[in-house]
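Before any comments, here is the structure.
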Amino acid sequence: MRFLPTDEQSDFARTLRSLLGAAQVPAAVRAWADGEYGPGLALRSRLAGTGLFALAAPEAYEGAGLLPLELSLGFVELGRAGVPGPVVESAAVSVLLSELGDEALAKRFLPGLVAGEAWATLTLPGGSGGGPYALDADAATYRFTVSGAGELRPAAPGGVLRSTDPARRLSRLAPAGGEPLAAGPAVARAARAAGLWARLLTAAQCLGVAEALLERTVGYVKQRTQFGAPIGSFQAVKHRLADTLVALEFARPLVWAAALSLAPGDVAAAKLRCGEAAYRAAMTALQLHGAVGYTEELDLSLWLRRARPLRDAWGTPSACRAEVLRSLTPG
């Protein structure tokens with residue numbers, strides 16, 4: 001089994017990195033946190049031009065097919081750049097509609113998501129979703145909720161709540177009245193698939209966040225001096241950075257394995273390790289940057305604030321550990 005991207009997949013990731021590197025993403029993140037969505041929506045349109053969003057929809061609905069590995073590679077780059085918006089949730093909705101098998105619903109919603117003309121957000125029942133709150137519901141074009149009874153309904157956003165990361169705007173969804181869009185076992189199955197993809201793509205985002213934090217910290221310790229020498233030359237600093245890198249490198253192959261298998265235990269293991277790697281990278285970055293690391297003016301803060309919420313989104317560490325244990329328990 002191959003755990004390294006192909007040349008074509010690597011080229012796709014480099015294309016996204018180049019596009020995002022020239023897109024002034026930090027400014028878009030700050031605007032998004034203030035409720036100004038224009039720069040984020042413009043960035044969404046540019047990403048759609050790469051075919052990124054088409055990787056979560058079948059060809060019959062203008063997609064490229066359900067390709068979790070390629071999409072995971074893309075989401076590493078989204079995390080690395082700090083892209084705002086309900087990117088995971090939009091992909092999860094695309095998967096849900098694709099797996100549902102309802103052609104009318106798919107034709108109604110999928111083309112807009114694939115073309116980058118719409119965002120979507122959702123909540124799922126029980127502990128399988130991102131919790132009781134929907135991400136960026138006020139900015140989303142489509143909002144859905146799946147009940148424990150297996151009903152898929154459109155929903156309206158409630159008030160925006162405070163979050164650790166100001167660019168992750170959370171709110172409760174109020175299900176719309178009337179008949180559900182779909183109901184029954186097919187909805188429950190599609191919701192489980194959507195939750196699995198959301199967990200995988202959040203793990204990929206965590207990996208990208210960890211990469212960005214480590215890269216910025218390494219650059220900083222080469223410049224900051226103490227006692228007449230760069231602090232990066234100190235053994236304690238080297239050890240801290242090495243531990244962070246090891247955590248990241250151990251997490252990376254778990255993402256590729258999970259994308260290849262889409263087994264719940266594999267996806268949970270990837271989310272657990274990537275979430276912890278991102279959190280470790282954030283703590284390392286904060287410690288080695290010192291007091292300047294606490295300032296909002298420093299772009300580093302955009303990734304520092306994102307590491308902890310992403311670690312818990314679409315599967316807390318305890319929930320992921322429980323899923324891994326279930327996958328290892330016979331019967």
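Throughout, read-outs are computed from the coordinates displayed, never taken from laboratory work. Please read all numbers here as calculations on a predicted model, not as lab measurements. A quick note on method: Cβ atoms are made from the backbone with ideal geometry, for glycine too, and the neighbour counts reach across all protein chains shown.
Assorted remarks:
- Unpaired by the 4.7 Å Cβ criterion, cysteines found in the chain: Cys320
- Structure-based [θ]222 nm, the chain - -39500 (n - 2.57) summed over DSSP H runs of at least 4, per residue, nearest 500: -19500 deg cm²/dmol
- Cα-centre dipole for segment 273-312 with unit charges at Cβ (Lys and Arg positive, Asp and Glu negative), debye to 20: 240
- Counting only whole DSSP H helices of the chain, the ones at least 18 Å long by C-alpha along their axis and with mean Kyte-Doolittle hydropathy no lower than -1.0 are 7-21, 68-81, 87-100, 185-223, 235-261, 264-289, 300-312.
- Measuring r between the beta carbons of Glu36 and Arg14 and using R0 = 22 Å, the FRET efficiency lands at 0.15.
- Rg to Rh quotient for segment 222-298, alpha carbon positions, Kirkwood Rh: 1.13
- Protection proxy ranking, peptides 66-73, 267-274, 208-215, 290-297, average beta carbon neighbours within 10 Å, highest first: 267-274, 208-215, 66-73, 290-297
- Computed extension length for Ala115-Ser163: 14.4 nm, one decimal, from 0.36 nm per residue of separation with the Cα-Cα distance subtracted.
- Spacing of the two label points (7 Å from each Cα toward its C-beta) at Ala22 and Thr50, in nm: 1.3
- Whichever lysines have a C-alpha closer than 28 Å to that of Lys238, once near sequence neighbours (fewer than 8 apart) are set aside: Lys222, Lys271
- Note on the chain: Rg/Rh from Cα positions, Kirkwood definition for Rh, rounded to two decimals, is 0.97.
- The mean sequence distance of close C-alpha pairs (under 8 Å, at least 6 residues apart), as a share of the length of the chain, puts its relative contact order at 17 percent.
- Stretch gain in nm, segment Gln287-Glu62, where the contour uses 0.36 nm per residue and the Cα spacing is subtracted: 76.3 nm
- Projected label distance in nm at Ser233 and Val218, using a 7 Å step from Cα toward the beta-carbon: 2.0
- Highest mobility in the GNM of the chain, judged by mean-square fluctuation with C-alpha springs under 10 Å and restricted to Tyr133, Tyr220, Tyr279, is found for Tyr220.
- When the inverse distances between all different Cα atoms of segment 198-328 are averaged and flipped, the Kirkwood radius reads 15.1 angstrom.
- Chain lengthening between Asp243 and Ala149 when straightened (0.36 nm per residue, less Cα-Cα): 29.3 nm
- Using only side-chain charges placed at the Cβ, +1 for Lys and Arg and -1 for Asp and Glu, the dipole size of the chain relative to its Cα centre rounds to 920 debye.
- Segment 7-189 has equivalent-ellipsoid semi-axes of 26, 21, 13 Å, by the square roots of 5 times the alpha carbon gyration tensor eigenvalues, sorted largest first.
- Reducing segment 140-189 and segment 15-75 to their Cα centroids gives an inter-centroid distance of 22 Å.
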